[in-house]
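Please read the structure below before turning to the comments.
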């Protein structure tokens, strides 16, 4: 099992790229701001962009100030080159931590 962590930007940015077949088992989105913030998340096959809304997994999920939003019920299986992108309605206030394992 491995983890990676990234701070979300206000524009969609890459938060994880699979270097082989992997299972994303849990994602944590921590709001470090003093106000509620909204995040969006995309699960994209290799070569796809966020312009295709068919790949959006979460849209405008609100996270209260100081709270953590945990995605642990859904598992994502990613192939080589597949990636996760996310953004927040404010630059640099949400931290995304992803736990994954190779298969």
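The values are calculated or read from the model by the stated rules, or taken from the named source; none is laboratory data. Predicted, not measured: the structure shown is a model, and the values here were computed from it. Glycine also receives a Cβ, built like all others from the backbone with ideal geometry; neighbour counts cover every protein chain displayed.
If we keep just the residues of region 70-97 that are surrounded by 19 or more Cβ atoms within 10 Å (Cβ to Cβ) and farther than 17 Å from residue 56 by Cα, which is farthest from the chain's Cα centre (by Cα)? Step by step, filter region 70-97, then rank; the result is 93. Taken over region 1-48, the criterion of being farther than 20 Å from residue 91 by Cα, surrounded by fewer than 16 Cβ atoms within 10 Å (Cβ to Cβ) and free of Cβ contacts under 8 Å to residues at least 60 places away in the same chain is satisfied by 45, 46, 47.
So that you can scan it fast, the table gives a plain yes or no per residue for (1) modelled with pLDDT of 95 or more; (2) outside any loop (DSSP other than H, G, I, E, B); (3) closer than 12 Å to residue 98 by Cβ:
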site	(1), (2), (3)
4	yes, yes, yes
16	yes, yes, yes
24	yes, yes, yes
51	no, no, no
61	yes, yes, no
69	yes, yes, no
